[in-house]
Structures are given as structure tokens and as C-alpha cells.
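Single-structure report; data block below.
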Amino acid sequence: MAQRVLIAGAVAFVAACSPFGGGAFSCERDDQCGATGKCTTGFCSFLDSSCTSGYRFGEASGSLANTCVGDTNPTDGHVASDAKEFLDAPPAGVTCFGTGFGKTCFKTENVPSSPVTLTAQNVDTNTSALCSNVVENNPGWCVIAATDLSIAGTVTATGAKPLVLVATNELHVDGTLDVASHRNGAIVGAGAVPLADTTLCDPGTPPNNSGGGAGGSFGAIGGNGGNNGGTAGAVKPTSAMRGGCAGQDGKSGTFGVKGFGGGVTYLIANTMITVGGAINASGAAGSRGVNMLAGGGGGGSGGLIGLDAPIVTNGGAIFANGGGGAEGSSNNNDGVDGNEAANGNIAAAADGGSNGGGGGAGGGATAATNGGDAGGFGGGGGGGGAGAVKLFQAATITGGVVSPPPS
């Protein structure tokens, strides 16, 4: 059995840790686990009458996923009842890469032995043959692993699973790695939080009559909607493998529709990560109201980018910005998707009082802004809050544009 450290479940500082292999959403409070769930030893558990304890861990609970609370963990015989468990060191015969919550492990005989170059293509993280089937502990991610891994052209990733790239030597992004959500084409980035999931995303307070929808919150809070519009939800923890949060729909008539949150990608390299092109995990824009009193949709929040290597250099752009909110009322503008501008997005143009409220700017290096008011017309949608760029091992990212700033 691997060497293990047991930490009492009541100790709050381990609540954001992921167990061996990662793949877990680590809760700190019951309200992060939905209406019927509760936070048990750092993971969400849910009512299940077939369990002696009455609760079963959810799918995002690492090695405890789908097991009854208090039961023996069938993978190693350890009873996980009143403690949160994580590996202090990998077991014999297992090699791990990375140090953050995206740490990925293989049996030593399954460690990648050849390079991989990804050219212009779409990767469906649910079904792609590129996703490794030999990752230990089944973390629920699409892991593409190689000795040296390069991105050439535009590689777009969609699907429910986060995208994890592992290089046992160097990882180079010379093209574009796109896990963003986009309004045009209704593209949802890999690992973005489903609209129905209020466990990971605070939906906020919806708009009232003719109000604009609020932007989604994730790494930072979204903007509120205009004209008695929606109020953005609270910021949720970003210390787990999860994407961004959607905005809100507008209100009244043929209202504007929310933008999806950005997706998630986590890059690991044993020696260095270099970005000469772009990594995009931004949120999608909201769409405009269609008739006079219709509120605009709020933008989706940015998603999550993890960079885990001793050296990270950037000659291009790394961004997880929020999508822009849309204008209210008819004959106006949709918001704009998250982009690489250091100050976030530029809000949709609006003339204020005569033709609907303006859309709020998505957050990036600066905060998202609120949708505009317009008496007698629909309010503008709020901008989506910034996502997160998480940095492990390296102290800084050298050069280029990084928005929001790494943490």
C-alpha cells in the first residue's frame, strides 16, 4: 500500500487538495454540494439509501468516487470515514508528473515513450482516441501524454472532460490551444460546468422585468445586469479541475441568452512549457434581446488554465477572460467572446437611453462591468468574470500576455 497521510476532515486547509491522481472537486461547505448534498471529509456526498451511512460520494471525489461514505475503499482496503486522505508519495511502480491538482500518474511501464505533435484538429474529450486509457486512478480527464508534446495549428477541445496535456520532457504551444466557449456555433469548451450544475457555480439572482442577465462568476465576480437585472453569483474555489460558469439569460419577451463559461486545460511538463502561440480558455458572449423590452444575456466567465512545470515562458498570449454581456432590446449587438486583450473584452456598443442598455465588458486583467440601464427598454447583460490561470512549480511566467494574472 502506498504511504499515506491522514488529515482530520475538520482541518480546513486541506479542503482544496486533490487526492492521488487528482480529478476531484474539493468542497469546504455543504452549500457547495447542492440542495441535498453535504461536504464530507472534503468531498461532496449525496443521499443514497443503499449506503449504511445514508450517503454516497459523488463522481468528482477522486479515489472515493461513487463509494458509500464510511465504507471500505475497494481500491486499497483503507477505511475512509472521518479523515481526508491523500498520497504523500506515489506507490511503488507508479510515476507521477506535475505537482498541482492536475497531477497525473502512470504505472512506470506505461510512462509515455514517444513524442506527439497535435496539428489543426478538434479533440472531443469524451471520445477521442488520443485520450490515454492507462492513467492511474481514473481521474475522469482526457489525458494526452508524450515525451515531447507540441501544438501546431489550432487545436480545439470540446466535451465534458477537462483536457490534460502531459510531457515527460518539454511541452510547446506554437499554434493555438482553444478550450474556450464561443457564442457563434454554440461551442462549449472542454470541461465547462454544465448549466444545470449549481454545485460548482453560484447562479446568482435572476433579473426582473426587462432586466439584463448577470455575467458568470468563477475566478472573479461577473457584472450585474442592467434595468433591475440579475445579480452575479459568488466566486467559487478554483483549486480543482473544473471549467467556468455560465451567465444568466435576460428577462422579458424574446430575451438575450446567456453565454457559457470557458473550459479547462492543464499542461504539465517535466522540464519546461513554452507558449509561442496562444492558450484560450475564455467564456462566451451573451446574445442580444430581440424585442423592445427584452434584456440582454450575460457573458460566461472565463475558464481555467493550469501550467505545471519548472519553467514557463510565453511569447504569445495565455488568457481566460470572461465573455461580454449583450445589449438589451432589438436591433442591437451581441456581446463579444473572451479575447486576449490585457484589459479583458470591449463591451458591445450601445447608445444608452434610446435603444437598450449596453453590454458589460468581460473581466480579464480588470474586473467585469455591469450591463447598462435604459428607461423603457431592455437592460444590458453583465460581463462574465475572469477565469483563472494557475501556476505550479515555476515562480513566474516569463513574457507575453497573461490575462488574468497568474496565481
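Annotations
- Residues whose placed amide H lies under 5 Å from that of Thr117, excluding near-sequence neighbours: Ser150
- For region 93-407: relative contact order, % (alpha-carbon pairs under 8 angstrom, 6 or more apart): 17 percent
- Label zone at Ala395, where the point sits 7 Å out along the Cα-to-Cβ direction: region 302-337 residues whose backbone N lies under 18 Å: 308-314
- Applying 1/(1 + (r/R0)^6) with r as the Cβ-Cβ distance of Asn138 and Met272 and R0 = 35 angstrom yields a FRET efficiency of 0.75.
- Members of Lys258/Lys390; Lys103/Lys390; Lys38/Lys236 lying beyond 20 Å, as alpha-carbon distances in this model show: Lys258/Lys390
- Percent of beta bridges antiparallel (DSSP, region 107-262, rounded to nearest 5): 15 percent
- Cα gyration tensor shape for region 93-407, rounded if a/c is under 1.5, else prolate or oblate: prolate
- Per-residue extension of 0.36 nm, minus the Cα-Cα distance of Ala152 and Asn110, leaves a gain of 12.6 nm for this segment.
- Neighbourhood charge, 14 Å Cβ-Cβ cut-off, centred on Val312 and excluding it, Lys, Arg +1 and Asp, Glu -1: -1
- Extension gain for the segment Ala129 to Ser407, taken as residue separation times 0.36 nm less the Cα-Cα distance, is 96.8 nm to one decimal.
- Within region 93-407, percent of DSSP bridges classed antiparallel, to nearest 5: 15 percent
Any read-out appearing in this document is the output of simple, stated calculations on the displayed coordinates, not a laboratory observation. Just so it is clear, the model here is predicted, and its values are computed rather than measured. When we count neighbours, we look across all protein chains shown, and the Cβ atoms used for this are built from the backbone with ideal geometry, even at glycine.
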